[in-house]
Amino acid sequence: MSRTARIRLLTITAVWLAWEVLARSGLVFKGVVPSSLQVIAAMAEQLGHAPFYDHLLRTCYEVLIGFGIGSASAVVIGTAMGLSPFCGRMLHPYVNIFAPAPKIVFLPVLMILFGVDAGSKVAMAAISAFFPVVVATFDGAREVPLVLVRVAHSFRASTAQLALKVYLPSMLPPIVTGMRLGLGVAIIGTLLAEIKLSNKGLGFLAIQHYEGFHIPDLYAVLLIIFSLAVMANALIGRAATRFYRR
Amino acid sequence: MRLQQALNRPWLAPASGLALLVACVLALEWAGHAGWISAFFLPPPSEIALAGWRLGDEEPLGAAFMTTLMLTLSATAASAALGITAGWLMYRHGDFGRAYEAWVGALFSAPLILLYPLFLVLFGRNLFTVALMGFLAGVIPVVLKTFEGLRGVPRVLINVARSFNLDERGILFKVLLPAARPAVFTGLRLSFIYCTINIVGLEYLTNFGGLGFLVGRMYDRFDIPAMYATVAFVLLVSVLGFWAAERIERLFTRR
């Protein structure tokens, strides 16, 4: 076993032991830190419970549609900003103002515009995903080596060939990085919107468990959410790596 | 060619952006007064501006603004101190760095703010809990970027420093950190963004205080112009923080 693997195994063991000691010590309010066995049992019960999948599907729908809308529009706008220096200089200051803003404060506005159902959550995911992707696309478009574009022109490449064989491969790594960041914030934005006002979704499920003080169930849902977020991020990375290898 | 030259004038793009913004504001003002856009969805900008003025008298706007700003700055400062230290430790002990890098990267995409109900129970419903949640989200990009920046320092710089008998402390402060400064400051900017997002989000969700709470309160009262005005103040916190981060980075770059 490599040293790295040993360090990871020891860390996991140490964290698990510390958790179990804390759960049994009585130092914290009873039930706030349940034993890992209770959490695993709660997770198994959640995953075996059919209504859980309704909530999961609703959240996935909101995240994926919102992320798709946000990142697609961000790639288009970011490319336009990057390829047109005038457009870039005109819009970049406003992107810089809105990009670091916490998008959750727009939720009341989105609820007014799109209602309290899935629409506002999709919109929240879209605006959350938009900014990291537009910034990354803008940076990627500006850094496309001009010599490649000139060589393509010298071979009389069409606009479509230029886009598919020069711009897209050059811009793909920063766009993928932006999309990974965008997916993370889209998931956070959607879940927060579900926590605030929803009747379905994993965020709603988590807050239901919290309000009923079903703490092991709350931990189980959170662990499932974390695992899904990490897996989704890893999937994007792997898909991109396969694309680079072509 | 002439068009290209005209477009390259340095003042034209910012002026066009400002003109576009003014045009949008005027269009919204006209559309609101003409009844084309319901004031319930989007009030005219003049009403939003007046509501902002009114907020100062009717609501603890100043206190809320300072609460959010101070929480964000303190969480960012704590993230900077601990994040840079952790990033350096991961670099210094390479095996641990390699072991934990993927995990820290995975935490970056994890929605840690969802732990807030548990933190409220563990630490109480107070400003410390809000700042702690902000810190947890903000420390991760600092750790990642510091580690990345330190690993990118050219080996030759360290070897030259060692050849001049510089000790570990000297190498850290005179070679490693200055060379890793761009990456570290990128991490600090990301840290500020994530701290702001989590702190304002938590204020909004828990109705505890700060600008996030004020946004929710105005929405609950159906005071839509005041709600938009409060959102504008939240944007102001972001802008101020970013401006401060740029100033600090320039200060360090000049030395």
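FYI, it's all coordinate maths here, none of it is from the lab. Because the structure is a prediction, the values reported are computed rather than measured. All Cβ positions, glycine included, derive from the backbone under ideal geometry; neighbour counts span all protein chains shown.
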List the chymotrypsin sites (Phe, Trp or Tyr not before Pro) in segment B:9-93 that DSSP assigns to loop (not H, G, I, E or B) and whose Cβ has at most 11 other Cβ atoms within 10 Å. Which are they? B:W11, B:W36, B:F40, B:F41
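Please compute, over every Cα-Cα pair in the protein assembly as shown, the percentage with a separation greater than 38 angstrom. Display every interim value, and only then the final one.
Working: 39406 of 125250 pairs.
When all Cα pairs of the protein assembly as shown are counted, 31 percent exceed 38 Å.
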Taking +1 at the Cβ of each Lys and Arg and -1 at the Cβ of each Asp and Glu, which of B:F213, A:S198, B:A77 sits farthest along the dipole of the protein assembly as shown towards its positive end, judged by Cα position relative to the Cα centre? B:A77
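Is the shape of chain B rounded, prolate or oblate, going by the alpha carbon gyration tensor and its root eigenvalues a ≥ b ≥ c, with a/c under 1.5 for rounded and a/b larger than b/c for prolate? The partial results should precede the final answer.
Numbers: a/c = 2.84, a/b = 1.50, b/c = 1.89.
The shape class here is oblate.
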Rounding to the nearest 10 and keeping the result within 0 to 90°, find how far the Cα-based axis of helix A:36-47 lies from the longest principal axis of chain A. 60
Chain B: most fluctuating residue of B:G52, B:G32, B:G134 per GNM, C-alpha cutoff 10 Å: B:G32
Inter-centroid distance (Cα atoms) of segment A:196-246 relative to segment B:42-109, Å: 22
Along principal axes, Cα extents of segment A:1-128, largest first, whole Å: 61, 43, 29
Rounded FRET efficiency, nearest 0.05, which uses the C-beta distance separating A:R242 from B:L12 and R0 of 51 Å: 0.75
Multiply the residue gap between A:L172 and A:S36 by 0.36 nm, knock off their C-alpha separation, and tell me the result in nm, one decimal place. 44.9 nm
Compactness index (Cα Rg / 2.2 N^0.38 Å), segment A:38-245: 1.20
Ordered by number, the trypsin sites (Lys or Arg not before Pro) in segment A:1-83 that occupy a DSSP loop and have at most 12 other Cβ atoms within 10 Å are A:K30
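Work out which chymotrypsin sites (Phe, Trp or Tyr not before Pro) in chain A are exposed loop sites (DSSP not H, G, I, E or B, at most 16 other Cβ within 10 Å) and give the longest gap free of them.
On the way: sites that count: A:F29, A:F155, A:F213.
It works out to A:30-154.
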Report, in degrees rounded to the nearest 10, the 0 to 90 angle that the Cα long axis of helix B:12-34 makes with the longest principal axis of chain B. 30
Within a Gaussian network of chain A (alpha carbon springs, distance under 10 Å), most fluctuating of A:P85, A:P174, A:P132: A:P85
Exactly which chymotrypsin sites (Phe, Trp or Tyr not before Pro) in segment B:163-208 are in a DSSP loop and have at most 11 other Cβ atoms within 10 Å? B:F164
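Evaluate E = 1/(1 + (r/R0)^6) for A:E20 and A:E211, where r is the Cβ-Cβ distance and R0 equals 25 Å; express this FRET efficiency to the nearest 0.05.
On the way: r = 27 Å, r/R0 = 1.06.
E(calc), rounded to 0.05, equals 0.40.
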Can you figure out the FRET efficiency of B:A31 with B:N165, using R₀ = 51 Å and their beta-carbon distance, to the nearest 0.05? 0.10
